[in-house]
1. Would you work out if segment B:82-145 is rounded, prolate or oblate? Take a ≥ b ≥ c from the square roots of the eigenvalues of the alpha-carbon gyration tensor; rounded if a/c is under 1.5, else prolate when a/b is larger than b/c, oblate otherwise.
2. Taking chain A as a Gaussian network, Cα atoms linked when under 10 Å apart, which of A:S197, A:S174, A:S87 shows the biggest mean-square fluctuation?
3. If we count other beta carbons within 10 Å of each Cβ, what is the order of B:S207, B:S236, B:S88, fewest first?
4. Once you have a ≥ b ≥ c as the square roots of the Cα gyration tensor eigenvalues for segment A:7-134, tell me rounded if a/c is under 1.5, and otherwise prolate or oblate according to whether a/b is larger than b/c.
5. Between A:Q78 and B:N154, what is the label-to-label distance in nm when each label sits 7 Å out along the Cα-to-Cβ direction?
6. Need one number for segment A:25-76: average projected area of the convex hull over its C-alpha atoms, nm².
7. Which of the listed residues, A:V218, A:A53, B:L262, is farthest toward the dipole's positive end in the protein assembly as shown, when Lys, Arg count +1 and Asp, Glu count -1 at the beta-carbon?
8. Using only the Cα atoms, work out Rg/Rh for segment A:4-249, with Rh taken as the Kirkwood radius, to two decimals.
Amino acid sequence: MSDILLEVSDIRASAGDKEILKGVSLIIKKGEVHVLMGPNGAGKSTFANVIMAHPGYTVTKGSIFFEGADISRESADQRARRGIFMSFQQAVEIPGITLENFIRSSKAAVTGQNQPILKFRKQLYSYMDALDMKRAYAGRYLNVGFSGGEKKKSEILQMSALEPKLAILDETDSGLDVDAVKIVSEGVKRLLDGERSVLIITHHQRILQALAPDFVHVLVGGRILMDSGASLVEKIASEGYKWLSEEALV
Amino acid sequence: MQVKTNVLPAPTWRYIGVNYDTIEQLEKFRQGNIMAKCSDPAVKAIAPEKIAESDASANCGYMIDTAELSGTLRIEYFSDGGDLADYSIITAREGTDAMAVFTCGGDVHFHNGLTRIIAEKNSRLTLIKIHGFARSEQAVDSILANVGENAELNIISLELGGAHSLTNYQIELDGEASRAFIDSACLAKGREVMDISYRINHRGKNSVSSITCSGALKGQARKTFKGTLDFRKGSSGSKGSEIENVTLLDRGVVSRSVPIILCTEDDVEGSHAASAGRIDEDVLFYITSRGIPMEEARRLIVFSKIAPVVDKIPFEDLRDGVNIYLENYMCD
Ligand SMILES: Nc1ncnc2c1ncn2[C@@H]1O[C@H](COP(=O)(O)OP(=O)(O)O)[C@@H](O)[C@H]1O
Ligand SMILES: [Mg+2]
């Protein structure tokens with residue numbers, strides 16, 4: 001069997017009349033850590049959302065394969081059950097559903113197995129402890145009244161519990177202090193067992209120092225302008241993206 | 001004969017159709033077996049002659065004195081096809097803190113319930129009402145309450161439909177620093193018609209109130225919500241708020257909202273907010289992105305709208321009953 005986990009080929013996507021992704025291709029193999037960087041408005045979140053099948057974007061061209069299966073026409077829940085997870089840049093608040101019940105329902109959905117309350121709770125608490133999250137948050141309504149940092153941890157908690165094959169983290173490290181970035185990176189590290197993969201969307205080096213990426217992709221104006229090794233991160237950190245667009249114009 | 005009910009305190013254009021609702025007055029009670037079950041032996045059933053004395057016509061009811069209660073009171077009415085008219089009086093005695101849960105089940109052709117509440121000084125009473133476990137053609141539920149000095153009345157009400165259901169709660173905040181909070185959730189489907197009227201009259205100084213009404217409408221259900229906060233003379237320093245939130249699951253539903261705030265006193269604060277809309281796409285995407293199928297996600301969202309009310313029901317079998325109701329509600 002092939003070790004390719006995700007294969008995105010020449011994806012074009014738009015929202016309304018606006019074309020945002022203009023032919024993006026990307027291959028992620030099992031066990032790899034990929035980074036997607038790029039200036040604000042480049043289309044990074046759109047790319048993540050398109051992989052997750054957000055109904056607000058129309059894919060006009062291209063295909064997405066996951067573990068060899070064409071999932072281009074599958075809905076978000078079907079893709080999630082295959083093992084794709086996205087940590088939202090903007091987590092949604094849902095008053096009336098507790099964090100615990102939400103994760104338990106999700107876990108039951110992705111595994112196809114009923115989750116006995118006590119056993120599940122024990123597991124959930126161990127993930128919460130590792131993320132330095134107060135256990136009382138399990139009984140609170142999903143993301144309601146959570147601070148920015150707590151929302152990010154809630155996303156990583158969901159990732160930990162669902163154990164996806166591919167986790168896409170959309171700026172999960174943004175707005176976090178040094179300690180929180182460390183806790184989040186450790187959470188991601190625990191997921192990485194050589195088989196599972198991550199795609200990290202970030203502007204910062206800190207999370208990358210902890211996670212040692214294998215590949216870096218730079219998205220500008222809806223196109224990937226460069227695929228490279230980890231050394232690119234430092235160049236971007238010191239020089240920004242401008243040189244890239246100039247180089248691409250040559 | 002038609003009788004006007006839930007009359008709006010300040011009428012508006014007639015064509016909007018919210019000034020009042022009408023019900024069919026009964027010529028005669030339809031006979032059937034009415035069962036009433038009460039969890040606390042200290043609570044006395046109201047004798048039929050007593051009911052006749054009060055000008056309410058009723059065929060069952062209880063006289064409740066919170067000083068005599070041991071624990072949460074539970075009263076269940078059940079009818080197998082007859083008309084049900086229950087009439088209860090709750091006296092929340094000075095300094096007591098009590099909770100009562102009223103439910104009604106079975107097949108009720110016509111249901112008329114009236115609860116009279118007198119909340120004495122420094123008392124706290126929480127009354128939980130669940131309507132709609134019973135199948136009914138026409139249901140009217142009324143609460144008439146007087147709240148004394150520094151007393152608190154919490155009404156938690158779950159409206160689960162019925163062909164035509166009316167709710168009429170009127171609360172008099174008589175005492176200084178008296179408080180009333182109504183927290184209700186409703187689900188209507190099919191061709192059900194729901195008319196909800198809450199009226200809180202602030203009379204005492206520094207009295208506080210809030211009304212929250214949330215829920216969902218499906219099919220061609222119609223709901224009218226009338227929430228009135230009336231700040232009467234002498235109610236200076238009082239505050240009240242009302243919030244209504246309705247999720248519209250189908251295009252054929254009608255949701256009408258009439259929040260009214262009346263002030264005859266200057267130094268008061270009244271506010272209202274209403275929102276009605278379809279299920280938020282971003283919320284649906286968030287839930288489905290975790291592997292939960294669309295239908296289940298919609299059910300979760302509807303549940304989330306009534307959950308803050310359901311979570312306050314202190315009996316598991318009743319909470320389970322609501323969940324089963326919701327399963328059927330979503331499938332219908
Ligand atoms: N649903 C949408 N409707 C309209 N425009 C959108 C939508 N989503 C994204 N965009 C636009 O597409 C561009 C890329 O957005 P986004 O993917 O969020 O970028 P990034 O995550 O790289 O900052 C931006 O100009 C943004 O305003
Ligand atoms: Mg973004």
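Taken together, the values in this text are just the output of simple stated rules run on the coordinates, not laboratory data. Bear in mind that the values here come from a model prediction, so they are computed numbers and not experimental data. As a convention, Cβ positions derive from the backbone with ideal geometry for all residues, glycine included, and neighbour counts pool all protein chains shown.
1. Numbers: a/c = 3.73, a/b = 2.43, b/c = 1.54.
It comes out prolate by the Cα gyration axes.
2. Looking only at A:S197, A:S174, A:S87, the biggest GNM fluctuation is shown by A:S174.
3. Going from sparsest to densest Cβ surroundings: B:S236, B:S88, B:S207.
4. Values: a/c = 2.00, a/b = 1.81, b/c = 1.11.
Because a/c hits 1.5 or more and a/b exceeds b/c, segment A:7-134 counts as prolate.
5. Distance between the two pseudo-spin positions: 4.6 nm.
6. Working: hull surface 17.0 nm².
That works out to 4.3 nm².
7. My answer, from the dipole projection, is A:V218.
8. A ratio of 0.96.
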